[in-house]
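Step one of this worksheet: look at the structure below.
The values are calculated or read from the model by the stated rules, or taken from the named source; none is laboratory data. Values in this document were obtained by computation on a predicted structure and should not be read as measured data. FYI the Cβ positions are ideal-geometry reconstructions off the backbone, even for glycines, and counts take in every protein chain you see.
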Amino acid sequence: MACARCEDLCVRYAIRHPRELRKAIQIAAENVADRTVVEVIPDSPCVSVSFDKLAAGAAWDDYVEYHFRCLHCNEAFWLHAETYHGSGGYWEPKDEASIRDNITN
């Protein structure tokens, strides 16, 4: 269950255009910077660009997938998008029960 620190992140934010991916990256980076969430790097990451570099403006891979966890309640989030064919993706909590809103642009 999300806490007061991360409840605003508990949305399913649709990513259909590069500007929406840039916005999701910016919001995730701001929340990493203020220590609301921390990046969780899987044992076998499927991306070649670190989130730090991506947030600093590096080009993204054909598939973007980054995992995060709230430092206060351990709610898990992920940012994922297929960018090569343009099928898009989402920023969302990993637990569907935590999604409090769907945001489409």
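Mind counting the residues in region 96-105 that are assigned to a helix (DSSP H, G or I) and charged (D, E, K, R)?
1
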Under 6 Å between Cβ atoms, at least 6 apart or on separate chains: pull out the pairs that start in region 34-49 with a residue that is surrounded by 12 or more Cβ atoms within 10 Å (Cβ to Cβ) and end on any residue that is small (Gly, Ala, Ser). Val49/Ala58
Given Trp91, Trp78, which one is among the hydrophobic types (A, V, I, L, M, F, W, C), out of contact with any helix residue (DSSP H, G or I) (no Cβ under 8 Å at 6 or more places or on another chain) and modelled with pLDDT of 95 or more? Trp78
Given the condition hydroxyl-bearing (Ser, Thr, Tyr) and more than 13 Å from Arg16 (Cβ to Cβ), answer yes or no: does some residue in region 70-85 qualify? yes
Pull up region 60-98, narrow it to residues that are out of contact with any strand residue (DSSP E or B) (no Cβ under 7 Å at 6 or more places or on another chain) and of a type in the set (Gly, Ala, Ser), then point me to the one that is surrounded by the most Cβ atoms within 10 Å (Cβ to Cβ). Ser98
Residues within region 9-19 that are part of a helix (DSSP H, G or I) and modelled with pLDDT under 95, tallied: 2
